[in-house]
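This report refers to the structure that appears directly beneath it.
The values are calculated or read from the model by the stated rules, or taken from the named source; none is laboratory data. Because the structure is a prediction, the values reported are computed rather than measured. Please note: Cβ atoms are built from the backbone with ideal geometry, for glycine as well, and neighbour counts cover all protein chains shown. Protein only, heavy atoms only, side chains kept; ligands, DNA and RNA dropped before computing areas. Shrake-Rupley method; radii C 1.70, N 1.55, O 1.52, S 1.80 Å.
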Amino acid sequence: MEKGIGSRINQIWGNLVTFMRRSIFCVLSVGPIPNHIAFIMDGNRRYGKKQNLMKGTGHRVGFLALMSMLKYCYELGVQYVTIYAFSIDNFKRCPEEVQSLMDLMQEKIEGLIKEESIVNRYGVRVHFLGNLKLLSEPVRLAAERAMMATANNSKAVLSICVAYTSTNEILHAVQKSCEEKWEEISKLNTSGSGYGLIQLGWNEKDERENLIKLIDIEKHMYMVVAPDPDILIRTSGETRLSNFLLWQSAYCSLYSPSVLWPEIGFRHFLWTILNFQRNHFYLEKKRKQL
Amino acid sequence: MLSLPLPIPTKNTLIPLRPKHSCSRSTRAQTHPFSPLPSPKPLKPLEPTTVARVALREHVQEEEEEERRDRSALAGVSPEGEPLPSELQDDLMPKHVAVIMDGNGRWARQRGLPASAGHNAGARSLRELVELCGHWGIRVLTVFAFSYDNWIRPKVEVDFLMTLFEREIKSQLDIFLREGIRISVIGDSSKLPESLQKLISDAEEATKANSRLQLIVAVSYSGKYDIIQACRSIASKVKDGALELEDISESLIEQELETNCTEFPYPDLLIRTSGEQRVSNFLLWQLAYTEFFFARELWPDFGKSEFVEALISFQQRQRRYGARL
């Protein structure tokens, strides 16, 4: 009987908290909302040490924090969220830790595909971005399954960067652009028209048109599935990008709260949005000038 | 499986956490947006002056500085032969510092002055910083003087800045030669006035043997454009058959970027003044593992003590490059 009352009270409290949060989001929505937020989820191991948890538990708590943040983002109306789950540099860590992170990722990716998961609740399409060939077979297959299962969702996008570094992404885009240009030129040569151009004299205009442009590189980036982020948040107080979204963060605001990732909560999210709204009009003015 | 060439500096800069130095203000508070704002520094006292009086004052100050430099040139000793402050550790000094010199316009507006006065004051700050870097063993200093995106600013301001660059290079060339400073300019120089382009190439030629400090000035520079021109140069090499597609690697791209003029293309520390927390299309590839420091002061107010604060913050950071300690 008491248990019933206890769980009823919890339920009512939960509903009240959700209602208050939704009201706050309604008020915030009067102002500008960021379209794309990126997270570097730093501080899981430090949290585990601080709370004297077993190895690897910090990351599991971090996953719960991630689910809450995604919930807040999608409830507020943020359309694109990108997270830095695993860097190519992280493969340098000791094999047991890498393996436990891979196992955790596989478990959670399979959880995403389930019916009641957050991605289906908010209609989120999931992308796994990075050099997926570096992942072990079961994780890669799970990722591909998740991408296929959510391909029809269209309300929001979640980009999970695994086996990713920005320099690797740019390298890949450069390689693909060079390959594309090379194929174009080869086709021109074989069809004879390129030969004709050389005979007539390769004038400067053709030279310029054949050059690789910004748009050629951008269309081969992994992150072509989302626009540039408006805010990039790195937790645990470290103020560096660690090879994440170097190209895309050219004009975005960088925040580095000192809270550890598993401890991040609603008030940090609220503060970030308020700061964004405070800076927004000044930044928009500057961007219009561009 | 993991034979990727990673652009990680080979020097081992993994350091154990040093105990915090006692400073009056927590340096973490500098980058923590939830901390309370420090009490604002009082602005330099503003008497109601006319622009002419301000210009005269500036002229007198510049003359005094010139005199001081001439005197010290005769004595053969730099007037501020600064030793490293005791709070800083010699072995933890960054090799390459990058600075985004933001805030000249706001500084001038706060004092009711035209933007040109702000840029002049900014040039003074830069001269001070170059001297400090030279004395404290920093090998490379990269400064974001003018972005490719800044060409859209009012023509009056842009022309003033071009004149300022010319004036500064001409007046500082002797000091560079004397102090062993090598100057390099990166960016799309085709949009600069002819006279400035010639001056730059002459200055680069004259100082190319200097090795104490390399000053890289980014003028008409865009980080994205840097990567694109590297990509184009690689593509043309592939087209000419000098390179195979499979040979394209991260280190190859690094060699084609405009920062290939230096031995240390990756900044260890990036400082941006005036409180803005953005990179604004500066050195994108090169900032992969750089520690950022966002200073609240405007660039003309950024002096020795603020620089020491940034360096103290840098020296306390744990750089892991993705691995664990």
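Overview of results
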read-out	value
Test: residue in the stretch A:198-208 that is over 17 Å from the mean Cα position of the chain (by Cα), at pLDDT below 95, within 11 Å of another protein chain (Cβ to nearest Cβ) and open to solvent by 20 Å² or more (accessible area, probe 1.4 Å)	yes
Scope the stretch A:277-290; condition buried (at least 16 other Cβ atoms within 10 Å of the Cβ) and touching a Phe, Trp or Tyr at 6+ places or on another chain (Cβ under 9 Å); matching residues	A:283
So residue A:233, is it among the aliphatic types (A, V, I, L, M) and at pLDDT 80 or above	yes
Number of positions in the stretch B:274-288 that are at the interface with another protein chain (Cβ under 7 Å from one of its Cβ atoms), buried (at least 22 other Cβ atoms within 10 Å of the Cβ) and in a loop (DSSP other than H, G, I, E, B)	3
Search result, residues across the stretch A:120-142 that are surrounded by 15 or more Cβ atoms within 10 Å (Cβ to Cβ), among the hydrophobic types (A, V, I, L, M, F, W, C), without any contact (Cβ under 8 Å) to a residue 60 or more places away in the chain and not in a loop (DSSP other than H, G, I, E, B)	A:124, A:126, A:128, A:132, A:134, A:139, A:142
Matching residues, the stretch A:233-252, being touching a strand residue (DSSP E or B) at 6+ places or on another chain (Cβ under 6 Å) and either more than 23 Å from residue A:215 (Cα to Cα) or more than 11 Å from chain B (Cβ to nearest Cβ) (or both)	A:233, A:234, A:239, A:240
Residue in the stretch A:43-61 that is under 21 Å from residue A:121 (Cβ atoms) and either within 14 Å of chain B (Cβ to nearest Cβ) or open to solvent by less than 30 Å² (accessible area, probe 1.4 Å) (or both) present	no
Number of the exception - residue B:105 against (1) farther than 30 Å from residue B:314 by Cβ; (2) at pLDDT 85 or above	(1)
Test set (1) open to solvent by 30 Å² or more (accessible area, probe 1.4 Å); (2) closer than 21 Å to residue A:221 by Cβ; (3) of a type in the set (A, V, I, L, M, F, W, C) - residue A:94 fails condition number	(2)
Test result for residue A:227, in contact with a His (Cβ under 9 Å, 6 or more places away or on another chain) and either open to solvent by less than 20 Å² (accessible area, probe 1.4 Å) or of a type in the set (D, E, K, R) (or both)	no
Filter result (in contact with an Asp or Glu (Cβ under 7 Å, 6 or more places away or on another chain) and facing chain A (nearest Cβ under 9 Å)) within the stretch B:239-269	B:245
Residue match in the stretch B:181-203 (condition: in contact (Cβ under 8 Å) with a residue 24 or more places away in the chain and among the acidic types (Asp, Glu))	yes
Subset tally (residues that are without any contact (Cβ under 8 Å) to a residue 24 or more places away in the chain and within 18 Å of residue A:70 (Cβ to Cβ)) for the stretch A:15-34	2
Scan of the stretch B:146-160 for residues that are open to solvent by 80 Å² or more (accessible area, probe 1.4 Å), more than 11 Å from chain A (Cβ to nearest Cβ) and under 14 Å from residue B:119 (Cβ atoms), ordered by number	B:156
Meets criteria (touching a strand residue (DSSP E or B) at 6+ places or on another chain (Cβ under 7 Å), away from every other protein chain (no Cβ under 14 Å) and open to solvent by 50 Å² or more (accessible area, probe 1.4 Å)) for residue A:79	yes
